[in-house]
1. Roughly how many Å² of Lys151 are accessible to a 1.4 Å probe, to the nearest 10?
2. Keeping all protein chains in place and using 1.4 angstrom, which order do Asp72, Asp152 fall into by accessible surface area, from largest down?
3. Expressed in nm², what is the orientationally averaged projection area of the convex hull enclosing the Cα positions of the range 49-144?
4. Pick out which of Gln149, Gln116, Gln140 has the largest mean-square fluctuation in a Gaussian network model of the chain, springs linking Cα atoms closer than 10 Å.
5. Could you state the accessible area per residue of the chain in Å², with a 1.4 Å probe and every protein chain left in place?
6. Consider all pairwise Cα distances in the chain and report the whole-number % of them above 27 Å.
7. Per DSSP helix of 4 or more residues, -39500 (n - 2.57); summed, then divided by the residues of the chain. What does that give at 222 nm, rounded to the nearest 500?
8. Give the carbon-plus-sulfur fraction of the accessible surface of the chain in %, rounded to a whole number; probe 1.4 Å, heavy atoms of protein chains only.
Amino acid sequence: AVQQGVQVINLSLGTNSNCDGTDAIAVTCDAAVQAGVCVCVAAGNSGPGPGTLGSPACARLVMTVGATDKMDEIAPWSSRGPTTDGRVKPDVCFPGVHITAARARLAQIGTPAPEQGYSILSGTSMATPHAAGACALLLQANPAYSPQQVKDALMNSAKNLGLDMNTQGRGRAD
């Protein structure tokens, strides 16, 4: 993706064990950020306990995304930090509960939506595309922004949900 010149990568995947960001996939994701790409990673769905992030959500430079519902509450299954080396994650949260999403014609996933070709799904994998879209919009408005500036803009403008940082990061992106 980096070689193709993308500006934003969305990763809705991960392992089941907490980590410190030194495994191969986390290092690769951080290398993409260092190459100038915004990398948004799903925190995972292993919450509500602490230290439930897998890789690449534990990567140091990526934007790790937790999930909220329409009431601005953290989804109970949204994975939480800290990482095994003590860093705060997720970085920020986006809506990820009861999201209507496009699905492949023959796919059987989630709850069928009233509209043909869509399903209703929940997970940090539903929150992370919202983050990727926000990154794309920020880059459209500010083409010279670095991945860190994009991440900072989303984190610094997030609505604080009044929870500890390893549950909400900076809060729900606004």
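The values are calculated or read from the model by the stated rules, or taken from the named source; none is laboratory data. What you are looking at is a predicted structure, and each value in this text was computed from that prediction instead of being measured. We work out accessible area using only protein heavy atoms, side chains counted, and drop any ligands, DNA or RNA first. Shrake-Rupley method; radii C 1.70, N 1.55, O 1.52, S 1.80 Å.
1. Number for this one is 20 Å².
2. Correct descending sequence by accessible area is Asp152, Asp72.
3. 8.0
4. The residue with the greatest mean-square fluctuation here is Gln116.
5. Details: 8660 Å² over 174 residues.
Averaged over the residues of the chain, the accessible area is 50 Å².
6. Cα-Cα pairs of the chain separated by over 27 Å account for 22 percent.
7. -7500 deg cm²/dmol
8. The computed percentage sits at 54.
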